[in-house]
Each structure stands twice: as structure tokens, then as C-alpha cells.
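Single-structure report; data block below.
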């Protein structure tokens, strides 16, 4: 079965860096940023291109800052 | 810097519900209230009921729920959410009316209103967030604080002899003939979040039947007052909260059997 | 004009509320006004009015909050201990600027007290009761007819100013039967733009709250409330006066006491004393001005209340030291006879040189 490819866009300015998405991600795609946002949080970001669009990160995100994308079916490799 | 990925040929499969206002919630990092707010607003968006839903906010951490939920709402006095919701629902029986309450609000100061609303079978949905602590006032003992669990008003841990037992509300209201649907869920893992949302949808939709109260207890965390990281708090929830507050369906009379 | 009926005060109140187009009534039984809930239970369904017996006065006032917050014309009634229990909710209702009507059929206190009539909740009603700087528009009927007349007025004032209104009466008025004629009522129209009936696409969501964490905001809310209160004080003062034109002494009494005061006035007039009577109808806003004006030409005022002396403080505020103010009261559910008060009032009249 072809691997599903996905990506997430994180509203890093509104992320509070709780890390729940990082913990929930089954492919270790997410990690804490080195830099901080204006509120002083090390936000969450994609550190690997391993996203499988499972939405786990978005489901546990308490601040609803994650948007999840998935490769269209006809474009899947 | 994280990596940059192209969104070419990609479709959006999940985004923040439009019924959640474009504001940063005041909750501490990792707090389950944020997830629960989002779930309730997702279902309001998905069911298309923004125009005929009225929510009631409690006193507690979620006192400002109306700043985030883009629906008409009322802020109730501490513990009185179920009475306020009763007043709203009785006047507008075809609206979806829900309360959003924490453990102190619902199970201590407001127990009377909770029990009587459930016993009358008010056609409202009660969303009960149980995180075993008073969050807003800074970590005092809640009616649901576990035996042995420290809080600022029981610094050595809750003791039965002094403070009695943590109250199990789902079990209690499920005994009342007025409730039609009672389920206890959690929001500390992706799978549980999905399940919690299903329960909330079921609870809201049950209002259409006008057959009784729906009650969804959400076992949640409080990293700040439990003095843990968010990830640790979710693990602590699994190990300590769930054995005393077992997840599951306590009552389902929706189908009418 | 409708037909003349013989009704109990409590029942006339309920009937008047229905005729004034009330949409809901939430209450908990308490003597001496349980007939109100019984009447509403029987009659409300016939008129499409929501009736619910709450599990407590605490719940009843919060049901009222919810229903009023959704923009419905709703009311409740209770008696002193129950009204005490409602104070939290009344403060929230005032803070959230919700229109509704609350009736207090006053009984003797403090504590569980007695079920007999009293006027001892005057302070609670007009000087606060609950927490915070708020005011209740307060109407004080003295006959069953006035109970009927003030019900619609209370709703109209509550909605005009988005402020709770209270009808303060006592157990005797609630229990007595008198003739009553219900006047035709027309709703002046109500603004519902602020209410929570579900958010349509074209407007922002509405919320009802009395919570404003930032002191700058909370002060603004208070200033808005105070502005409303000044308007009410400007526009809504109501009182009746009797035989004050040639009076040398003026009796001041409201509610049940005003009925007795009227008899006292006649007893004293028969004795050749020129006595008048001012009967405040609104206890807040209080008719200070008429008292202040009269103080320039009468020799003194005599206040009678079924309490230890509560409204007398407002009379003194109105008179502002210009003349002497006498007082006689009974407490604990005891009602004075006209002769009893006349004796005290006469002694006072002699004292001030009449």
C-alpha cells in the first residue's frame, strides 16, 4: 500500500509549545523549534518530511493551531 | 528552523473550526479545555447549528468560554449553569442548549442544580470537564480530587477522613431516570479525542428527541496545578484518574429500547 | 375596562402578569405567596406561558436569568427568606443588565422568622441585598388593585431600562381579597438585539455576562449602570399624596402601612390636626423631592413602617434636617392598629408644636 503523504501548517505565533502534538505524532515529524514566538514559547514545527496526515497532532492540540494537508489521491506516489 | 514542505497537490483535511473565534485562548499550555472547546465548536459547525445553539459558561477556568465559542452564550453564576440552561431551554425548546462546566462548578457548588436538571430530564447537554482540581483559583481541592492527590487546600493529599471521597458524577447521574445518555470520555490521546467528539455529537443530537438530559464527562488534565508538563499530566491522567473514573458508556437510551 | 372581580392579592398578581404578556414564571413555594405558583401552574398552560417549579429559589432566579438573557418576558415571586436566597442571582441579573420582574411578598424576619406580614425587607430591596453597586426598580402596591396595576408597569420599566424590577409587598396584601379590575395592557415593544437566541450569520455572537476582569472595563460597566440609574431617578419617581396642601404634619408610609396611615390621617384630622399623607409608590427611585419641598412648609413628618425603621432613613434624607421626623413601627409580623399609630403620631404632633 502506498504511503500516505501529508503536511501540517502550524500557526506558530499562537502555539503555546505544550508538546502534545510532538508526543502524539507517530512518525516523529514534529519537534520543538529552537527559536521562540512573541509569547516566548518554543513552538512546534515540522522537523522531518514524514507526515502521514493522520491528524493525531491536530486532534490533541488544545489551541487548534494545526491545519492538516494530505496529498490528493490521484497524485499519490 | 523547521523544514518547509510544498503543499502542491495537497488538500486540506483538517483545520480549526470557524465556529471557534480567532483568538488565543487563555488556557495554560496543554490544557484539555482547549481540546474540549474545539470539539464542541467542531460539532456545532458540522451539524450546522450555530444559529440555534445557546451555551452556558460556568465559573472556573472556562468562565470565558464565550470569548472563544462563536455562538450566543450566557455566563452563569458559580454552580448555576444547569438552572440557567433550564431557563433558556424551557423558553426555546427547539434550540440546542448546553452547559460547559468544570468539577467545582458542576459537582460541588452546583450539585443541586445538576442533579435536578438531570432528574427533570431537561433536554440539554451537560459537558462536564473533570480535571480533579480547582484551576482558576489556583489548585485547591475539587470534589473530584483523588484520595492522596495533593492540592493547595489538602497539601498532604486528599484524606477520606477529612475530605470524603472523590465524587463520580457520571455514575451518579446515570442513576437518574431523567438522563438519556451518559458517557465518560477523555481527551488525552488522539483516539480518545475522536471518541469524545462522537460522544458529544451524540449528546447534542439527542436533544432533538426531547427525551432527557445528555451528560458527557470529559476526564481532563491540569498541567499547571498538577505541577507537571502537559505530556506528564496526560500520563498521570491515564495512571491515576482513569482507574477511579473509568471511561465508557454509562447510559444510552437514545434509541428508545 | 374589564369586569370587576374579587381576588386574592397573590392571585391578582399572577393574573396581571399573564395579562401583561409574561412568557415564563419560575419559582419555589414559600408562604405567604404559594398561591402565585399554584395560580400560574393552573393558568399558565392555557396561555402558552412557561411554568416551572424550581428545586430552590437559587435555581428559580437563575432560570429567570437564563430565560431573561434569551430575551423573554419572565418573572418570579417569593417571600423574604427565599428572596434572600435569590440575592446572588439578583446581583448577577443587575450586573448583566437583564430585564425581569421579581416579587417579594415580605414576611417577618430575621431568619426563618414568621409567615406574618412585614416590611422589614426595605433595606434589602432598595439599598442592595446582593453584592455590588446596583439598584432594583421597586414598586410598592398598597391594594390588590395596585398589585394588578403595577405588574405590567414593572415589566415595562424593567424592559425600558434593561434592569430588574421588584414589586415589594407584604403577606397581608398577598392574602387579602379585594375587588380588582384588570386594565387593558399593551406591550410598548421590546428590544431583543442583545439577547441570546442563537447567532444568525449577520451578527456577532451575543453573550450575557456580569464578568469584566479588567478594572477599566468593569468601571465602564458601572458607569453605564449609574447612568441608567440617574435616568430612572429622573423619569420614574412615583408617589401619591393626600391632603398635603394645608398639612402641618405629613405621614409617610408605603404598602400595607399606607392603608393604615390613611385611617390615621382621618383620625387626626377629626381631632383638628392638619395631617397629610405621602405614599411612595416607587421605593427606588425614592420620592425625595416631594419630601424636601414639603419640608419647607410643614412642621414635621411621621413615618410608620412594619419594621424597626428602615424607610425612615430615606425620609430623613429627603427632609435633610429641615424638620423633625418621627417614627413608629411594629416588628415580627405584628400589625399596628390605626388608633395605636394615631396616639403616637398625635404625641409627635404636640411635640413639634401643633
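The values are calculated or read from the model by the stated rules, or taken from the named source; none is laboratory data. Computed from a predicted structure; not experimentally measured. FYI the Cβ positions are ideal-geometry reconstructions off the backbone, even for glycines, and counts take in every protein chain you see.
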### Query
Which helices (runs of 4 or more DSSP H) sit wholly inside region B:190-257 and have at least 3 residues that are more than 14 Å from chain A (Cβ to nearest Cβ), surrounded by fewer than 23 Cβ atoms within 10 Å (Cβ to Cβ) and at pLDDT 95 or above?
B:190-206
### Message
With part of a helix (DSSP H, G or I), touching a strand residue (DSSP E or B) at 6+ places or on another chain (Cβ under 7 Å), within 8 Å of another protein chain (Cβ to nearest Cβ) and within 25 Å of residue B:33 (Cβ to Cβ) as the only criterion, which of A:58, A:64 stands out?
### Response
A:58
### Message
I'd like to check something: does region C:226-240 contain any residue that is surrounded by 12 or more Cβ atoms within 10 Å (Cβ to Cβ) and more than 28 Å from residue C:95 (Cα to Cα)?
### Response
yes
### In region C:128-139, the residues that are at pLDDT below 95 and surrounded by fewer than 21 Cβ atoms within 10 Å (Cβ to Cβ)
C:128
### Task
Determine which single condition residue A:26 fails, assuming it passes every other condition in (1) more than 7 Å from every other protein chain (Cβ to nearest Cβ); (2) out of contact with any helix residue (DSSP H, G or I) (no Cβ under 7 Å at 6 or more places or on another chain); (3) surrounded by fewer than 21 Cβ atoms within 10 Å (Cβ to Cβ).
(2)
### Summary
Quick count over region B:41-58, residues being assigned to a helix (DSSP H, G or I) and either within 12 Å of chain A (Cβ to nearest Cβ) or within 17 Å of residue C:200 (Cβ to Cβ) (or both), is 8
### Task
Assess whether residue B:196 counts as being closer than 27 Å to residue A:21 by Cβ and either in contact with a helix residue (DSSP H, G or I) (Cβ under 7 Å, 6 or more places away or on another chain) or free of Cβ contacts under 8 Å to residues at least 24 places away in the same chain (or both).
yes
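Mind listing just one residue for me: the one in region A:67-77 that is within 7 Å of chain B (Cβ to nearest Cβ) and touching a residue at least 12 places away in the same chain (Cβ under 8 Å) and, of those, farthest from residue A:12 (Cα to Cα)? Explain how you work it out, then say what you get.
Here is the first cut: in region A:67-77, the residues within 7 Å of chain B (Cβ to nearest Cβ) are A:67-72, A:75.
Within this subset, residues satisfying the condition of being touching a residue at least 12 places away in the same chain (Cβ under 8 Å) are A:67-71.
Numbers: A:67: 11, A:68: 14, A:69: 16, A:70: 20, A:71: 22 Å.
Here the answer is A:71.
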### Query
Being free of Cβ contacts under 8 Å to residues at least 60 places away in the same chain, more than 29 Å from residue B:96 (Cα to Cα) and either in the same structural domain as residue C:279 (by TED's automatic domain parsing) or not in a helix (DSSP H, G or I) (or both), is that true of even one residue in region C:148-158?
no
### Query
Just a yes or no: is a residue in region B:28-35 touching a strand residue (DSSP E or B) at 6+ places or on another chain (Cβ under 8 Å) and either modelled with pLDDT of 95 or more or not in a helix (DSSP H, G or I) (or both)?
yes
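Is it true that residue B:25 is at pLDDT 95 or above, under 15 Å from the mean Cα position of the chain (by Cα) and within 14 Å of chain A (Cβ to nearest Cβ)? Before the answer, list the steps.
On the way: at pLDDT 95 or above: yes; under 15 Å from the mean Cα position of the chain (by Cα): no; within 14 Å of chain A (Cβ to nearest Cβ): yes.
Spelling it out, it is not the case that residue B:25 is at pLDDT 95 or above, under 15 Å from the mean Cα position of the chain (by Cα) and within 14 Å of chain A (Cβ to nearest Cβ).
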### Query
In the set B:86, B:19, B:36, B:99, which member is buried (at least 18 other Cβ atoms within 10 Å of the Cβ) and within 8 Å of chain C (Cβ to nearest Cβ)?
B:86
### Query
Assuming residue B:66 fulfils every condition listed in (1) facing another protein chain (nearest Cβ under 8 Å); (2) out of contact with any strand residue (DSSP E or B) (no Cβ under 9 Å at 6 or more places or on another chain) apart from one, which condition is it?
(2)
### Query
Pick from region A:40-50 the residues that are more than 8 Å from every other protein chain (Cβ to nearest Cβ) and in a loop (DSSP other than H, G, I, E, B): which of them is surrounded by the most Cβ atoms within 10 Å (Cβ to Cβ)?
A:43
